[in-house]
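Right, one structure below, let's go through it.
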Amino acid sequence: EAGVAQSPRYKIIEKRQSVAFWCNPISGHATLYWYQQILGQGPKLLIQFQNNGVVDDSQLPKDRFSAERLKGVDSTLKIQPAKLEDSAVYLCASSLDWISEQFFGPGTRLTVL
Amino acid sequence: QKEVEQDPGPLSVPEGAIVSLNCTYSNSAFQYFMWYRQYSRKGPELLMYTYSSGNKEDGRFTAQVDKSSKYISLFIRDSQPSDSATYLCAMTNLNTGNQFYFGTGTSLTVIP
């Protein structure tokens, strides 16, 4: 079974630039999550999708972050404009449904200069 | 107060030692507790989970939950160099959705 795929693996941008991350969940997984993991901290949930609908985006900084999951499969997370404090690893996870085990991708490491 | 507190370490032990990793939490509604292992530059992977107070054993790993004290532990017996990783505790209240609350992670190094 293929795991959760993410790209790019690494991204370096300057502050105020825009960036987008892509996630392909495990086939058949209805629930998709985006987490932000700042160095030395545990992952923090940014947004949770059930199919193509948003279940929880209470911790998503909506003035600069946006996410979509068209057709209930792949998802993109965008930051526009980026700030220095957005430097982190962005993890995508998926699960069969909202109550099942979450499987994490390798993450995208973002550095904002 | 953070939802979940975890000592970040780092923890360094000799091969074969017993390792104890711990988390405390503040929300008494949490009822599903997990331990994830995260190798450098990888995503977390589920190691163990438990729903209730008590012990759960899986090979060299034992997860322990004390709901009355809001305290969970992960014990690793006969630790191996391949156990060197960051260990994250996580918990959730399934009655209000499946948002995971993670600890900060404890960095463990097992020295051969």
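Read-outs: derived from the displayed coordinates by stated rules, not from any lab. Note that the structure is predicted; figures quoted are calculated from it, not measured. No Cβ is skipped: glycine too gets one built from the backbone with ideal geometry, and neighbour counts run over all protein chains shown.
General remarks:
- Percent RCO, i.e. relative contact order, over chain A, from Cα pairs under 8 Å lying at least 6 residues apart: 37
- Label-to-label distance, nm, for residues given as B:LYS2 and B:TYR39 (7 Å Cα→Cβ offset): 2.6
- Counting, for every residue in B:41-47, the Cβ atoms of other protein chains within 10 Å of its Cβ and taking the mean gives 6.
- Label-point separation, B:ILE111 to A:LEU39 (7 Å along Cα→Cβ), nm: 2.5
- Just so you know, the Cα atoms of the stretch B:4-111 work out to an Rg and Dmax of 13.3, 42 Å.
- Among the listed pairs A:LYS83/B:LYS67; A:LYS78/B:LYS67; A:LYS78/B:LYS42; A:LYS11/A:LYS62; A:LYS15/A:LYS71; A:LYS62/B:LYS67, those beyond 28 Å (Cα-Cα): A:LYS83/B:LYS67; A:LYS78/B:LYS67; A:LYS15/A:LYS71; A:LYS62/B:LYS67
- Against the compact-protein benchmark of 2.2 N^0.38 Å, the Cα-based radius of gyration of the protein assembly as shown scales to 1.02.
- Evaluated at q = 0.14, 0.22, 0.25, 0.26 Å⁻¹, the base-10 log of the normalised Debye intensity for the stretch A:16-97, with identical point scatterers placed on the Cα atoms, takes the values -0.43, -1.02, -1.26, -1.34.
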